There are 2 protein chains.
Amino acid sequence: MAAAYGCAVSSSPTLRYEHGTLVLLDQRLLPGARRELRCTTAAEAAEAIRSMAVRGAPAIGVAAAHGVAVAGRAAAVAGGGPSEVRGAAEDACALLETARPTAVNLAGAIHRMRLALMRDAGLISGAEVAAVLEAEAAELERFEVDACAAMGRHGAELLGDNARVLVHCNAGSLATPGIGTALAPIYEAHARGTLDVVFVDETRPRLQGSRLTAYELGEAGIPHLVIVDSLAATLMLHGAVDAVLVGADRIAANGDVANKVGTYALAVACAHHGLPFYVVAPTTTVDPACETGADIPIEERDPAEVLEIAGERVAPALTRALNPAFDVTPASLVTALVTERGVASPVTSSTIEGLVRR
Amino acid sequence: MAAAYGCAVSSSPTLRYEHGTLVLLDQRLLPGARRELRCTTAAEAAEAIRSMAVRGAPAIGVAAAHGVAVAGRAAAVAGGGPSEVRGAAEDACALLETARPTAVNLAGAIHRMRLALMRDAGLISGAEVAAVLEAEAAELERFEVDACAAMGRHGAELLGDNARVLVHCNAGSLATPGIGTALAPIYEAHARGTLDVVFVDETRPRLQGSRLTAYELGEAGIPHLVIVDSLAATLMLHGAVDAVLVGADRIAANGDVANKVGTYALAVACAHHGLPFYVVAPTTTVDPACETGADIPIEERDPAEVLEIAGERVAPALTRALNPAFDVTPASLVTALVTERGVASPVTSSTIEGLVRR
């Protein structure tokens, strides 16, 4: 068990585990304010995920894993033995796994933490069990950091020179512990000098594009322009876009992709204009238990996210709204799936299996 | 000259001409507050159009016509003779015609007022000239009111039973002096008992859907659900939408349609899903001087409309945005054009000419 007590493993501004505490950059306040949220219980970590203080499929998964470690470490510090620490960790798993339904990385991370608990059943102290949990969460985080870098390299190969790329939502360093999923090839292309400009969908209703993607691209000095989501198709018509890159919250075995609402409309527009539509996601986002996209649970969020602006009602009092946070894009509309292990194209059950099983 | 001094001709809540004053419902405050704006000069009318206190192509046209009448009447009341009143009206035309660039109804209304001034060159008193202008504006308003009703009847014929219709922006009673363009068939279908539900695109950046369309559908007791613009394609994929109805700000001679940004994306999505995409607009929206959509001037509005929410900056300080208020949909994606004179389908130069020249 290499992990020392409360080891910190990352320099991600998005999340880090530090001496029994999960420290998150509160993304609800960006870009206006940079405030850290310190979670010292699994319940706090679950609430941070639920309220979207931390968001993005890989970041949610890693935060949840650390959230289990937080609970285990607290039980050990309180003098708990192996069974108390295991119990606290199991309670944390149960609490965290239901925080949000769509991103499979959350379920995957919890599954991984449960396997770690089972694997190390012979440990004799609570502190040892807590250290196992910390090491496991740290390993998941390292995996995701490396996966981001690899996706960046694979994805950048697909983009040509002077690439003009359109992105939706935020799938960058704020959505992962690394350089992102869909934004990773953009960072890589920028470093290689092959990027021209990034069109950033504002991404209603929560504006992850104009708030978060614009923030991190601005920090990185990458040229970008924000647009309303509904302008994307027109930019394609005018020949202003070379490719669309999006992340994913869950990918079914057949390659259907659940991602932020609005993703499907972009895929349709790409098909209409003959443009490549790339999904960039680590293999941890593939869920073999979902045969097709129809099996993916889609989170319905509070209609107030649509009907209110800055806490003020804009729609009439009796008007209702639909507010699914995600949509599902059929595999047939995805030009290529870029993972840390390489690129699947066309996107089919067998090309995906080829990557995941490798 | 039938028109009496300061005659009022309409019962529209959106706009009315009343004793030398143009009275507008200030749509920037809806649905939160119903406040009237009283324009007693052409400059005030132009500013109301520019700031979108009144908006919607037919409403802009009628408001501009009344704005010219306001100026003429004021000059007459001030004791001006025919040439003073004509001069004031010509100045008003010059001021009003540039208030917004895309809706051709504005240019068309001003052209009409100028023709009226030329036609009645033999009048001997300022009051007579002012009355001519008032009558001309009133006649345009009556035309648009009747056109709305006719579009409602023609459009409702295209919708089946239990129609589930998706609309974008606001093309209803708030956008016209009548029952609307794209909303007219919806009001008519509702009256006939053939309407199921209306999906209302919120319509970023100015939210004419969630603010205005939801408001007037709610007032009329018509079932509706607001969605973010980017959800529309997914509703189509799920078979929840039977048809899309939109208005238009300018229609080129070949049938290309300029309308609120986001319209083109809906047309593409309809094509992908094999759904009818109907444009509903009076023949006053056709501009024979524009051969194709490429000739239509597209208004670029303040990027702050995208980058700020309720006056607060949401995007980073250095981030820029594109904010065209309109886009152009090629005629080939328009299933039918519904006008007050009937339906053009397919939409081509010759089917449009057939309606306009009739």
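The values are calculated or read from the model by the stated rules, or taken from the named source; none is laboratory data. What you are looking at is a predicted structure, and each value in this text was computed from that prediction instead of being measured. Virtual Cβ from ideal backbone geometry, glycine too; neighbours counted across all protein chains shown.
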### Query
Can you tell me which residues in region B:47-71 are of a type in the set (Gly, Ala, Ser), touching a Lys or Arg at 6+ places or on another chain (Cβ under 8 Å) and in contact (Cβ under 8 Å) with a residue 60 or more places away in the chain?
B:57, B:65
### Task
Output the residues belonging to region B:175-201 that are surrounded by fewer than 24 Cβ atoms within 10 Å (Cβ to Cβ), in a loop (DSSP other than H, G, I, E, B) and on the phi < 0 side of the Ramachandran plot.
B:179, B:194
### Task
Kindly provide the set of residues from region A:124-174 that are part of a strand (DSSP E or B) and surrounded by fewer than 24 Cβ atoms within 10 Å (Cβ to Cβ), ordered by number.
A:163, A:164
### Query
With respect to the numbered conditions (1) within 11 Å of chain A (Cβ to nearest Cβ); (2) closer than 30 Å to residue B:157 by Cα; (3) of a type in the set (Ser, Thr, Tyr), which one is the sole condition not fulfilled by residue B:348?
(1)
### Task
State whether one or more residues within region A:260-273 are hydroxyl-bearing (Ser, Thr, Tyr) and over 24 Å from residue A:144 (Cα atoms).
yes
## Note on the structure
When residue A:330 is run through (1) within 21 Å of the chain's Cα centre (by Cα); (2) more than 9 Å from chain B (Cβ to nearest Cβ), the failure sits at (2)
### Message
Quick check on my filter: what residues within region B:279-326 are in a strand (DSSP E or B) and of a type in the set (Asp, Glu)?
### Response
B:287, B:300, B:308, B:312
### Task
Scan region A:182-191 and give yes if some residue there is within 9 Å of chain B (Cβ to nearest Cβ) and closer than 15 Å to residue A:263 by Cβ, otherwise no.
no
### Query
Restricting region A:274-298 to residues that are within 14 Å of chain B (Cβ to nearest Cβ) and surrounded by 15 or more Cβ atoms within 10 Å (Cβ to Cβ), which is farthest from the chain's Cα centre (by Cα)?
A:275
### Query
Residues A:322, A:337: which one is of a type in the set (A, V, I, L, M, F, W, C) and facing another protein chain (nearest Cβ under 9 Å)?
A:322
### Message
When you scan region B:305-321, do you find a residue that is within 21 Å of the chain's Cα centre (by Cα), more than 12 Å from residue A:226 (Cα to Cα) and among the acidic types (Asp, Glu), even just one?
### Response
no
### Query
How about region A:212-242: which of its residues are within 15 Å of residue A:183 (Cα to Cα), facing another protein chain (nearest Cβ under 7 Å) and part of a helix (DSSP H, G or I)?
A:214, A:215, A:218
### Task
Kindly list the number of the only condition in (1) assigned to a loop (DSSP other than H, G, I, E, B); (2) within 11 Å of chain B (Cβ to nearest Cβ) that fails for residue A:264.
(1)
### Task
Only one of these is touching an Asp or Glu at 6+ places or on another chain (Cβ under 8 Å) and without any contact (Cβ under 8 Å) to a residue 12 or more places away in the chain: B:230, B:210. Name it.
B:230
### Message
Looking only at region B:311-358, count every residue that is of a type in the set (Asp, Glu) and touching a Leu at 6+ places or on another chain (Cβ under 8 Å) and tell me the total.
### Response
1
### Message
When you scan region B:302-318, do you find a residue that is free of Cβ contacts under 8 Å to residues at least 40 places away in the same chain, acidic (Asp, Glu), more than 8 Å from chain A (Cβ to nearest Cβ) and out of contact with any Ser or Thr (no Cβ under 9 Å at 6 or more places or on another chain), even just one?
### Response
yes
### Query
How many residues are of a type in the set (Lys, Arg) and either closer than 17 Å to residue A:155 by Cα or within 13 Å of another protein chain (Cβ to nearest Cβ) (or both) if we restrict to region A:243-261?
1
### Message
Between A:347, A:343, A:338, which is crowded, with 17+ Cβ neighbours inside 10 Å, under 21 Å from the mean Cα position of the chain (by Cα), assigned to a loop (DSSP other than H, G, I, E, B) and at pLDDT 95 or above?
### Response
A:347
